[in-house]
Structures are given as structure tokens and as C-alpha cells.
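Asker: For reference, the structure I am asking about is given below.
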Amino acid sequence: MFHTIPKSIQDRMSSLEKADTKDRAGSTPQLQRLRQVPPETGKFLALTAANAPEGAWLEIGTSGGYSALWISLACQKRATKLVTFELLPEKVELARESFKKAKVEALVELVHGDARGHISDYDEIAFCFLDAEKEMYAEFYELVVPRLVKGGILIADNFLSHKEDLQSVLEQAEADESVDSLMVPIGKGLLLCRKQ
């Protein structure tokens, strides 16, 4: 996967990485920041998704589309599609531009709207990446985990960078006998859950 990334995807990833670096330098208003995952998290997502069972692939929180581009590499290998949800109109436009320039529109479906109103449409989720507003994590956990297929995977970001805010979600996952969970110290800290 990583040795054969199409140039269109590489170019768009590079563009988003430069924009994210600029954002982190403080030259972009807080509400418009990309706040995207680092490349090592993207690679972890792609590797994990490539080994997910059969079922729907979802992403909650698209931003500029960077993580979706990584996941699209696994989509291509598995002949499946990622459905990604984004609320903010300006980020929807940026993500739409990303998917068009990267030529992954056949692999990634972008939904402009609140994922909470759509999760119930998916009864068999094989892979889900959660990177949204942190106060929504517990609610999304409750929506996604019961719909995971056996062996299905939920990955949620920011468990190191927002440790205090997400401690209760981490404890919820650790106490949940329907999943095996692990906090992975990659990027900003990933909660990895696998349905039993």
C-alpha cells in the first residue's frame, strides 16, 4: 500500500500536511484549523482498516480529508468504500476538493451532516475512525460499538492530547466486555477497540 501510493494522493497529502503545519503555527483562526492526524496515524489507520472484516467503513469527522486519503489506500486494496461525515461547510468544501484532486471519489463518499443522524443506517460496521468534537465521543461510542460486526474495529483519536477530557470514554471501553481495547501511543493517542 505505502510503496504504491498514487501521485495524485501523495500530492494532496503533501498539500494538506503543509497547510496543517501552517495552521499549527497559529496563522489560521481556531475554528477553521484542519486539526488533522499526523502521517504515522494515517498509516496506522490504513494498516488496521486493511485487516478489518467485511462490513461498512465509516469516518466521523472528515476535516480536510487527510485521514480519509490514508484509509482510501486500504479501500482500494479491499475493493470497498469509506463513508465520511463532516458538519462544517468550509471543511466539507476542502474535503471535496481533496478527494477530487486525489482522484479517490470512487473510494470515498463525503456526507455533509451530523453523523449521529446517520449511524443507525449501518447495522454492520467493520471499521470506524472517530475524530470529532471530544464531548461527543461517549455518544458516538454508544452508537458505533453495538453496530460493529464480530472483529469490527473502532479507532478514536486524541486519547493522549485530550487525556482528561476522554478519560471517562477510555474507562467505558476498558469496562465494556463486548470489545477488547487498547490505548495506542501513536500520534495524539488512539483508542483501539475490537468487537468480540
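The values are calculated or read from the model by the stated rules, or taken from the named source; none is laboratory data. Just so it is clear, the model here is predicted, and its values are computed rather than measured. Don't worry about glycine lacking a Cβ; one is built from the backbone with ideal geometry, like all the others, and counts go over all protein chains shown.
Asker: Would it be correct to say that Thr28 is among the polar types (S, T, N, Q), at pLDDT below 95, surrounded by 14 or more Cβ atoms within 10 Å (Cβ to Cβ) and touching a Leu at 6+ places or on another chain (Cβ under 9 Å)? Quick ask: steps written out before the conclusion?
Answerer: Details: among the polar types (S, T, N, Q): yes; at pLDDT below 95: yes; surrounded by 14 or more Cβ atoms within 10 Å (Cβ to Cβ): yes; touching a Leu at 6+ places or on another chain (Cβ under 9 Å): yes.
So Thr28 passes the test.
This table checks each residue for (1) in contact with a strand residue (DSSP E or B) (Cβ under 8 Å, 6 or more places away or on another chain); (2) not aliphatic (A, V, I, L, M).
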| position | (1), (2) |
| --- | --- |
| Pro38 | no, yes |
| Phe44 | yes, yes |
| Ala50 | no, no |
| Gly55 | yes, yes |
| Gly64 | no, yes |
| Ser72 | yes, yes |
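Asker: Among the residues of the stretch 35-57, is there at least one that is assigned to a strand (DSSP E or B) and out of contact with any Gly (no Cβ under 6 Å at 6 or more places or on another chain)?
Answerer: yes
Asker: Which members of the stretch 129-149 meet the condition of being surrounded by fewer than 20 Cβ atoms within 10 Å (Cβ to Cβ) and assigned to a strand (DSSP E or B)?
Answerer: Hit for the stretch 129-149 is Val149, nothing else.
Asker: Tell me, please, whether a residue that is in a helix (DSSP H, G or I), free of Cβ contacts under 8 Å to residues at least 60 places away in the same chain and under 15 Å from the mean Cα position of the chain (by Cα) can be found in the stretch 150-163. Lay out the reasoning, then the answer.
Answerer: So in the stretch 150-163, the residues in a helix (DSSP H, G or I) come out as 163.
Now narrow it down to the ones that are free of Cβ contacts under 8 Å to residues at least 60 places away in the same chain: 163.
Subsequent filtering for residues that are under 15 Å from the mean Cα position of the chain (by Cα) retains none.
Checked against the condition, which is being in a helix (DSSP H, G or I), free of Cβ contacts under 8 Å to residues at least 60 places away in the same chain and under 15 Å from the mean Cα position of the chain (by Cα), the stretch 150-163 yields no hits at all.
Asker: Taking the stretch 97-117 as the region of interest, how many residues are free of Cβ contacts under 8 Å to residues at least 40 places away in the same chain and farther than 26 Å from Glu139 by Cβ? Write out each step before concluding.
Answerer: Within the stretch 97-117, the subset free of Cβ contacts under 8 Å to residues at least 40 places away in the same chain is 97, 99-100, 105-107, 109, 111-114, 116-117.
If we keep only those that are farther than 26 Å from Glu139 by Cβ too, we end up with 97, 99-100, 105-107.
Count: 6.
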